[in-house]
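Have a look at the structure below before the remarks.
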Amino acid sequence: MKSAPAPASSMPQQPDPKELAAEIVKALRYRGGKDANVATPHDWLTASIKVVRDRIVDAWIASTKQIYDAQAKRVYYLSLEFLIGRLTRDAFSNLDVMAAMREALASLGVDLDEIATLEPDAALGNGGLGRLAACFMESMATVGVAAHGYGIRYANGMFRQEISDGWQVELPETWLDHGNPWEFERRERSMEVGFGGTVEAIAGPGGQDERHVWRPQERVLAVAYDTPVVGWHGRRVNTLRLWAGMPVDPILLDRFNAGDHLGALAESNKADALSRVLYPADSSAAGQELRLRQEYFFSAASLQDIIQRHLSQYGDLHSLPDKAAIHLNDTHPAVAVAELMRLLMDVHGIDFNAAWDITRKTFAYTNHTLLPEALESWPVPLFERLLPRHMQIIYAINAQVLTEAHASGQFDGGQISRISLIEENGERRVRMGNLAFVGSHSVNGVSALHTQLMKETVFADLHRLYPVRISNKTNGITPRRWLFQCNPGLTALVREAIGDRFLDDIDTLKDLDAFAEDAAFREKFAAVKRANKERLAALTAQRLGIRLDPSALFDIQIKRIHEYKRQLLNIVEAVALYDQIRSHPERDWTPRVKFFGGKAAPGYHNAKLIIKLANDVARVVNRDPAVRGLLKLVFVPNYNVSLAEIMIPAADLSEQISTAGMEASGTGNMKFALNGALTIGTLDGANVEIRQHVGEDNIFIFGLTAEEVAERRNNGYAPRALIEGTPELAQALAAISSGVFSPDDPNRYRDLVSGLYDHDWFMVAADFDAYASMQRRIDAVWRDPAAWHAKSIRNVARMGWFSSDRTIREYANDIWNVTA
Ligand code: 26V
C-alpha cells in the first residue's frame, strides 16, 4: 500500500528517522519491558504509539495553556458515541511523522502498515451519529476550536458481526485486550455520581427560598480516561474524555467485612455495568433502566468536570455561558439540562430564573433523526425513582414553558400538550427532545431537508413558540481520514494535478474540475480507482473466498441495516436483474458486483432477515452459470470504520436510496462522492445538497420526494395494486416469497414480502420502477468510460464543501460563539 501524503510545504520539519528508531527501541525496553529480539508486532505498535504520543503531549499541554491564558471560551461536546476507528494513522499523519516513523520502523525490520492493522477499531458508536462526533473532534482540533469531547469508555463497543449460514451472529468486541496506548487514566479526576434516594426540602430563613437536598441512595465513581485528539499539522490538540464506572470504594471492604459479601459485589458490578456495553440499537428506544443510568452517569460526571474547571479559573458560575458552550449530540445527554439546573440551584444557591437563563445560554442541541421510534422518552415512574430531584426540576421547567406558551396566545389545548415535556397520553413519559429543545438557545438539524422537516413535524409547535431557535448545519466529514488517509493513491494524483493547496484548504479541490476534460488525467484517475478495486477484491478473496473481476462496476451499499435505508429495494432489484439476465442472455449486460455491509440491531427481526436474504440471493446468483459472472452479490461481514476505509475508495457506485424524508443526512454519501463514486440516490438528507454541489448531470437521482411520500401516506397508498401492475417487481417478489432463494425454508421470506403487499411503509414498491430504470441508465453510462470518469472527477472536485471543517466553522460562528 502507498503511504499517506508526504508533508506539504507549510508542515513542520519531519523528525529524524534515526532518532525515532532509537526512541522506539527505548520505549520498547523501558515502557514495555521488552527487548527487540522478543518483541511481538503488538509490542512494536505500542512502542511506536508511545513515542508519537510523547510528542503529542507537548503540543497538548501547549494547547491547553494557550486557551487558559487567553481565557477563551471552550466547547464541550457531549455524546454517548464516538466512532473513532483506528487512531494511529490519524495521529501520525496529522502530526506529520508518518514517513519518518515508517522509515524508522523499517530500519528496525518492522512494517508500519502491517502493525497498524493490529490496532483494534475503537467502535464506541453505532453509526452515523457516532462517526460524526469523531469527524467533529478531528475538525475542531484542525480549525482551532478548543474542545473537549465527553462520553463513555465502553469496555465493549459495537459488537463484532459474524455471518454464520447467512445469519448475523453478534460477538463481543474486546478492543481493550491489549490495553490502549492512546489513553491516559486520570484517577485523580474522579467524579461521584448518585442515583435514587430522596429529596429533602429545607425552608430558608423566614420560610422563604426553599432549598433542596438530594440524598442519593447509590453512589458510583466516574473515572476519566483522556485521549488526545490531534488536528491537521498538529495545530491544536484537544481532549476526548471518556468516563468509566467504578465503585466508590473499590474494594468495598467495610461491607464485605461486615458480612454483606453479595451486596458488596453487587454494588461493584452495578458501577462496572455503566461502562460495560454500548447499546447496539440506534432506531428503537432502548427503554431499559441501564441506558438512562448511562445517560445520567456521563452527563453528571461531565458537568461536574466543566463546573470545576470553570470555577477554578473564573470563580463564579454566572459567567459560564461566556466561557463554555455545551453541545448535546442528540437527546442522549439531555438530562444534563436538569442536572445543570440542579447544580446551579441546589449546590451553588442560584435562583431558578437566573439558573434557567445560564442553562439556556450554555446548551445547544442537535437532532439526528425524525424516526418516531428513535425519539427518546422515559417513563415518569422510572425517572422519578432514579432521579427524583431531576424530575421535580423538569416539572418546574415545564411549568415555566407552558406558562409562556399560554401567554403567547398562539396555541390550543392539543398544541400545548405537544409542547409539554411530559407525554400524557397513556403512560406518562418525559420527552427528552422537548427537554433538550427548551433547555438550549440553539437547536439544529443536520441537512437542509431534515431541518425543514423538523420545523414542520416533530418540533412544529416548539418552533412556533421559539421561532428563531432552529437552524441548519449540514453534516460533513473529515477529508484527512476520508480522502488523504483512506485513498493515498487519489490524494497523490490530485497533488500532482493541482498542487498541495487543497491539503490545507479543501475548497480548492475545485481546481480539479478542469481535469475532467483531460483524457490523460482520466486514464490515471481510472488506474487509481482500479488499484483500489483490486485491493477490495483481494480482501473479498482472502476473507470470503470470493473471486471478483475488478473491471466490473462496483456498486456498494454499506450502512446500518434498516428498513428505511432500503437494502431490500437493492436486493429485490438484484433479483429482478438476475431474472432479466437469464431471460435475455443476448443483451449487452454491464458486469456488476453489488456489495452489502452493515450491522442489524440484535433485536431487529426484519433487519436480520434482510441480511440473510442478501446472503441467500448471493449464494444462488453467484453460482448460477447462466449469469456468466455478470452479476455478483457480496455481503461483507463486520462492517466498521476500518472496512469503510477500504470499501469507499473502491466504489464506482454509491447506494443512498432511503425513503425520502427518513435519512436525516447521511455521511457515507459524502465519503463516497469525495472518493469519486457516483451516487444513485433519492432526494433525501444531504443527497439534496450533494446534487446541488456536484451538479445534476453527475448524480443519479430517482424516486419519490419527501413531499410525495407524505402525500401518498396521507391519501392512502395501495402497494398491492402497484406491485401487480409491475411484472418485473411482482416476479422478483414471487421468487423470494416462494422460496427460490431459501429452499431449505421456503417460507422464510413470506412475511417480509407480504409486508410489502400489505403496507410497504418504506415505499419499496412505489420507487422500484424508477430505481430499476435508473440502474439501467447507469449501465449505459458505465459503457462510456470517458463519460463515467469525467463525472467521477467532477464529484471529487466539487465535494470540498462537505468537509466537517466547514460544518465546525458554522457551529463555531452561529451556535457556540467561539473563534475558529
Ligand atoms: C437513538 C437511539 C434510541 C435509543 C437506543 C439507542 C439509540 C442510539 C442512537 C439513536 C439515534 C440515532 C440517530 C442517528 O444515528 N442519526 C443519524 O445521524 C447521522 C449524523 O447526523 C445522520 O447522517 C444520519 O442520517 C442519521 O440517521
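Each Cα pair under 8 Å and six or more residues apart adds its separation to the average, and for the chain the resulting relative contact order is 13 percent.
May I ask you to rank PHE82, PHE762 by accessible area, largest first, using a 1.4 Å probe over the protein chains only?
PHE762, PHE82
Under the simplified labelling scheme, the ASP745-ASP316 pair shows an inter-label distance of 6.8 nm, with each label point 7 Å from Cα along Cα→Cβ.
For the pair THR819 and SER164 in one chain, pulling the backbone fully straight at 0.36 nm per residue adds 230.7 nm over the alpha carbon distance. In the chain, the DSSP beta bridges split such that about 45 percent are antiparallel, to the nearest 5. Taking 29 Å as the limit for the C-alpha separation, the pairs LYS26/LYS270; LYS529/LYS608; LYS533/LYS612; LYS529/LYS565 exceed it in the case of LYS26/LYS270; LYS529/LYS608. With no solvent and one equal point scatterer placed on each C-alpha of the range 606-657, evaluate the Debye formula and give log10 I(q)/I(0) for q = 0.14 Å⁻¹, two decimals. Calculated log10 I(q)/I(0) at the listed q: -0.49. Averaging Cα coordinates gives a centre for the range 664-681 and one for the range 418-492; these two points are 20 Å apart. Dividing the summed helix terms, -39500 (n - 2.57) for each DSSP H run of n ≥ 4, by the number of residues in the chain produces a 222 nm estimate of -14000 deg cm²/dmol to the nearest 500. What is the mean projected area of the alpha carbon convex hull for the range 507-563, to one decimal in square nanometres? Answer in nm², one decimal: 6.5.
Exposure check, 1.4 Å probe, all protein chains in place: ASP272 carries approximately 60 Å² of accessible surface.
The residues GLU114, GLU534, GLU707, GLU138, sorted by heavy-atom accessible surface at 1.4 Å with ligands and nucleic acids left out, run GLU707, GLU114, GLU534, GLU138 from largest to smallest. Take every Cα-Cα pair in the range 441-537 and report what % of them are more than 18 Å apart. Roughly 62 percent, rounded to a whole number.
Modelled spin-label separation between LYS361 and ARG547, with each label point placed 7 Å from Cα along the Cα-to-Cβ direction: 7.0 nm.
In the complete set of protein chains, residue-level accessible area for LYS791 is approximately 40 Å², probe 1.4 angstrom.
Listed by chain and number, the aspartates and glutamates placed with their C-alpha closer than 14 angstrom to that of LYS18 are GLU103; residues fewer than eight positions away on the same chain are left out. Ordered from highest to lowest accessible area with the whole protein assembly present and a 1.4 Å probe, SER792, SER312 read as SER312, SER792. Using a probe of 1.4 Å on the protein chains alone, the accessible area found for TYR154 is around 0 Å². For the pair the range 163-233 / the range 582-625, the C-alpha centres are spaced 42 Å from each other. The alpha-carbon of LYS65 sits under 27 angstrom from the alpha-carbons of these lysines, leaving out residues fewer than 8 places away in its chain: LYS50, LYS73, LYS323, LYS361. Computed across the chain, the Kirkwood radius stands at 28.2 Å (inverse of mean 1/r, all Cα pairs).
The simple spin-label model puts a point 7 Å past each Cα toward its Cβ; for GLU192 and GLU724 those points are separated by 7.1 nm.
The values are calculated or read from the model by the stated rules, or taken from the named source; none is laboratory data. Note that the structure is predicted; figures quoted are calculated from it, not measured. Cβ: placed from backbone, ideal geometry, glycine included. Neighbour counts: every protein chain shown. For the accessible areas, the whole protein counts, side chains as well, though only heavy atoms, and no ligand, DNA or RNA atoms are used. Shrake-Rupley method; radii C 1.70, N 1.55, O 1.52, S 1.80 Å.
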